[in-house]
Amino acid sequence: MEDRSRFTYRFTTPLSGLAQRFTFLGLLIVAFALMLIAKADVAVMERLRAQVTDSVSPIIDIMSRPISIVNDAIVQINSLATVHERNENLRQDKERLMHWQSVARMLEAENQALRAQLNYIPGPQASYVSARVIADTGGAFVHSVLLNIGYQPGVDKGHAVVTGEGLIGRVESVGGRATRVLLISDLNSRIPVLIEATRTRAILAGNNSNRPRLIHLVPGATVSPGDRIVTSGHGGVFPVGLPVGLVDAVNEGGISVLPFVPRDRLEYVRILDFGLKGIINDDGLDK
Amino acid sequence: MKPALWSRLDMIARCITPFGLTVLLVLINVLPLQVPGLSRIMPLFPLMSIYLWAVHHPNLMPTYAVFFIGFLQDTLIGTPIGVHIITYLMVYGTVVWQRRFLVGKPFAVIWVGFSLVAAGATIANWLLVSLYYLILIKPEALVFQYLLSLGAFPLLSWLFMRWQLAFLSELGH
């Protein structure tokens, strides 16, 4: 036994022998090769990634459950402390919303009447699938989250992912048990948007910070802090009018947008299916 | 026969714990903790783990285990596959190569060693991802992540030391 363990020890002491050095260099070369393959053929690596993610997602799912329980408990305790204040706020909100409800009813009736006059063809109806966020796979390089559902009707690459407050991103890849969502703040995210009030088109470009930027605006367009940004539906990927965020600052560095949904508060999300395919299936345009 | 089998199984279980713990840290790193801002600057726990095991028990953390850990991290967090494999292998190689300056030294020396290695790894990561996407990634989050990692290092180091004393002391260095 003693002999054997000494032998194993000597054999596996890393980088001591020639073979170990070759293994090290070989694996390093394999790693560089993987990076080059990933750059050349995105699809192969995406499939590999989806398979690995599928196999570990049940473990992450279980591990993330206690965290959501603790978070729920913290929220409960916090809300106990502010229950009176919240009650008062909610009462005021209710009054305000009752007013808005009557306005909305009136507008809806007017809208229907106008549509009837114009023979308007309504846009596709959305169906949705709810899912839980099991991993915030963040880091400084990538802004994406994993959801605990896999391939099923209504979940497909390119579908918009929202919470009650607004858009958070789009489905990047779907596996058997997990779905990866590319958040709007990611470096590779480009969402066609509108400035709601002026209907000016722009592209919301993620930059790996919490404030994505508006780019490709029409020259001379007026944008001011506080303007609401919604999806424009151009490119045929997202429907029109999903709330995205508010213009945060306009300066020489560009126009930054504060998303409605803070990334740290993601727990349950909805994947919307509008039956839109658009340009997203063309992998060349997907990046 | 039976006790021999059990002791062998026990031995194997102890030997794979460094790898197992590191994989666990990779998974913990991606849990949605819902603390504002934390997910962007989560300390580099897997890197610390690889560094610590490379210093204390390189024989229990072979090269292919490091490769697998880097691969798992890349696939999970969505960085181009290869980025973390390369940085982890470089960290591992550097530490094993320069191990005589670190092993058996006071904790402060090991901490300083980590600060250098982690700086190298962070810069290498930044360069690789920037080259891959052909765009300069904003380095602010990385700086915070690096500083937070330096701060968290003693904690993980202490936990691993307890683990070593409890389970791995008879395996020798």
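The values are calculated or read from the model by the stated rules, or taken from the named source; none is laboratory data. Being a predicted model, the structure only gives us computed values, none of them experimental. For neighbour counting, all protein chains shown are included, and Cβ atoms are generated from backbone atoms with ideal geometry for every residue, glycine included.
Has the range A:117-132 got at least one residue that is within 14 Å of another protein chain (Cβ to nearest Cβ), in contact with an Asp or Glu (Cβ under 9 Å, 6 or more places away or on another chain), in contact (Cβ under 8 Å) with a residue 12 or more places away in the chain and within 30 Å of residue A:178 (Cβ to Cβ)?
yes
Close Cβ contacts (under 7 Å, 6 or more residues apart or on different chains) running from residues in the range B:67-85 that are within 7 Å of chain A (Cβ to nearest Cβ) and within 11 Å of residue B:26 (Cα to Cα) to residues that are hydroxyl-bearing (Ser, Thr, Tyr) and outside any helix (DSSP H, G or I) comprise B:76/A:137; B:77/A:137. For the range A:15-50, taking the residues that are among the basic types (Lys, Arg) and at the interface with chain B (Cβ under 9 Å from one of its Cβ atoms), the one that is surrounded by the most Cβ atoms within 10 Å (Cβ to Cβ) is identified as A:49. For the range A:77-96, filtering for residues that are among the hydrophobic types (A, V, I, L, M, F, W, C) and modelled with pLDDT of 90 or more leaves 1.
Look at residue A:198 and say whether it is among the hydroxyl-bearing types (Ser, Thr, Tyr) and surrounded by fewer than 22 Cβ atoms within 10 Å (Cβ to Cβ). The answer is yes for residue A:198. When you check residue B:52 against the structure, is it more than 7 Å from every other protein chain (Cβ to nearest Cβ) and touching a Cys at 6+ places or on another chain (Cβ under 8 Å), yes or no? When the stated conditions are applied, residue B:52 does not pass them.
Go through the range B:92-108 and report how many residues are of a type in the set (Gly, Ala, Ser) and within 13 Å of another protein chain (Cβ to nearest Cβ). Counting residues in the range B:92-108 that are of a type in the set (Gly, Ala, Ser) and within 13 Å of another protein chain (Cβ to nearest Cβ) gives 1. Restricting attention to the range B:35-62, the residues that are of a type in the set (S, T, N, Q) and buried (at least 22 other Cβ atoms within 10 Å of the Cβ) total 2. Residues of the range A:224-279 that are in a strand (DSSP E or B) and free of Cβ contacts under 8 Å to residues at least 12 places away in the same chain: A:251 alone.
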